1. Answer with yes or no whether residue 83 is within 23 Å of residue 47 (Cβ to Cβ) and out of contact with any Gly (no Cβ under 6 Å at 6 or more places or on another chain).
2. For the stretch 17-32, indicate whether the set of residues that are within 23 Å of the chain's Cα centre (by Cα), modelled with pLDDT of 90 or more and open to solvent by less than 70 Å² (accessible area, probe 1.4 Å) is non-empty.
3. Quick check on my filter: what residues within the stretch 69-100 are in contact with a Lys or Arg (Cβ under 7 Å, 6 or more places away or on another chain) and either within 30 Å of residue 186 (Cα to Cα) or open to solvent by less than 80 Å² (accessible area, probe 1.4 Å) (or both)?
4. Restricting attention to the stretch 163-193, which residues are open to solvent by 50 Å² or more (accessible area, probe 1.4 Å) and either at pLDDT below 85 or in contact with a Phe, Trp or Tyr (Cβ under 6 Å, 6 or more places away or on another chain) (or both)?
5. How many residues does the stretch 122-168 contain that are part of a strand (DSSP E or B) and in contact with a helix residue (DSSP H, G or I) (Cβ under 7 Å, 6 or more places away or on another chain)?
6. Condition (residue is in contact with a Pro (Cβ under 7 Å, 6 or more places away or on another chain), farther than 27 Å from residue 44 by Cβ and in contact (Cβ under 8 Å) with a residue 40 or more places away in the chain) applied to the stretch 168-182: is it met by at least one residue?
7. Are any of the residues in the stretch 29-48 closer than 16 Å to residue 133 by Cα and assigned to a loop (DSSP other than H, G, I, E, B)?
8. Report yes if residue 196 is open to solvent by 40 Å² or more (accessible area, probe 1.4 Å) and in contact (Cβ under 8 Å) with a residue 24 or more places away in the chain, otherwise no.
Amino acid sequence: MARAAHQRGGGPDLPEITITSPNIREALARAKEIGPAVQRNLRRNLRGVGDDIIKDQRDILSGAKPGNARKAGMRVKRIQRKGSGKAYLRAVNVYKAEAASRSRSTGMRERVKAALKTRVVAGATRSGISVRADKSVGGPMVKVWNKKVIRHPVFGNKESFVKQFGQPYWWEPIKRGRVDAKEKALAAIEDALNGKG
């Protein structure tokens, strides 16, 4: 029996976006009928549809290091429940940026950048194109670094914790690039099946 996503270390907020289009498995099978080279080219072209999204994500990660987060107060936020539930008020912390005094680098952002990739899945139960951050390459920080504020122990002192700003790199490039990526995928499939690919 397969484990649930949260038991596999995934969960609904795992950094991944799936671009669905006409059945990828059928398109690859039809391309193989035309010729194995056509199928290889189609698969390569489909792996390239997320390149612009990944480039934007890497540009964000290459930016200036975010600073420390100092609590500046609190504000009240109105939360609307899903469905017909009543809204309620909730107090949330407000943080201000403070320059980071660190100069060393552990290479964490470089590992997160290396973890970004486009994957083509054409299995019996799942098919599609997904842009994802591979936790086996980037480690747990592919997910944590995308948060607005991170709480972590002070280096060398496991009993004292600090807050610092993360670097949300994931969703904005996807929102900007997902329509273009889908159009590229559809064009690549059409070109391959019409003998242009």
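The values are calculated or read from the model by the stated rules, or taken from the named source; none is laboratory data. Owing to the predicted nature of the structure, the values given are computational and were not obtained by experimental measurement. Note that each Cβ is placed from the backbone with ideal geometry, even for glycine, and that neighbours are counted across all protein chains shown. Heavy atoms of the whole protein, side chains included, go into the accessibility calculation; ligands, DNA and RNA do not. Shrake-Rupley method; radii C 1.70, N 1.55, O 1.52, S 1.80 Å.
1. Details: within 23 Å of residue 47 (Cβ to Cβ): no; out of contact with any Gly (no Cβ under 6 Å at 6 or more places or on another chain): yes.
In short, no.
2. Just the residues of the stretch 17-32 that are within 23 Å of the chain's Cα centre (by Cα), to begin with: 17-24.
Now narrow it down to the ones that are modelled with pLDDT of 90 or more: none.
No; the residues of the stretch 17-32 include none that is within 23 Å of the chain's Cα centre (by Cα), modelled with pLDDT of 90 or more and open to solvent by less than 70 Å² (accessible area, probe 1.4 Å).
3. Hits for the stretch 69-100 are 69, 72, 79, 87, 92, 93, 94, 95, 98, 100.
4. So the first thing to find is which residues in the stretch 163-193 are open to solvent by 50 Å² or more (accessible area, probe 1.4 Å), and the list is 163, 168, 171-172, 175-176, 178-180, 182-184, 186, 190-191.
Correct list: 163 only.
5. Keep residues of the stretch 122-168 that are part of a strand (DSSP E or B), which gives 122, 127-133, 149-154, 157-165.
Then drop every residue that is not in contact with a helix residue (DSSP H, G or I) (Cβ under 7 Å, 6 or more places away or on another chain), which leaves 122, 127-129, 131, 133, 150.
The total comes to 7.
6. Within the stretch 168-182, the subset in contact with a Pro (Cβ under 7 Å, 6 or more places away or on another chain) is 170.
Of the ones still in play, those that are also farther than 27 Å from residue 44 by Cβ are none.
No, the stretch 168-182 contains no residue that is in contact with a Pro (Cβ under 7 Å, 6 or more places away or on another chain), farther than 27 Å from residue 44 by Cβ and in contact (Cβ under 8 Å) with a residue 40 or more places away in the chain.
7. We begin by selecting, within the stretch 29-48, every residue closer than 16 Å to residue 133 by Cα; these are 47-48.
Imposing the further condition that a residue be assigned to a loop (DSSP other than H, G, I, E, B) reduces the set to 48.
There is at least one residue in the stretch 29-48 that is closer than 16 Å to residue 133 by Cα and assigned to a loop (DSSP other than H, G, I, E, B).
8. Details: open to solvent by 40 Å² or more (accessible area, probe 1.4 Å): yes; in contact (Cβ under 8 Å) with a residue 24 or more places away in the chain: no.
Here the answer is no, as residue 196 does not meet what is asked.
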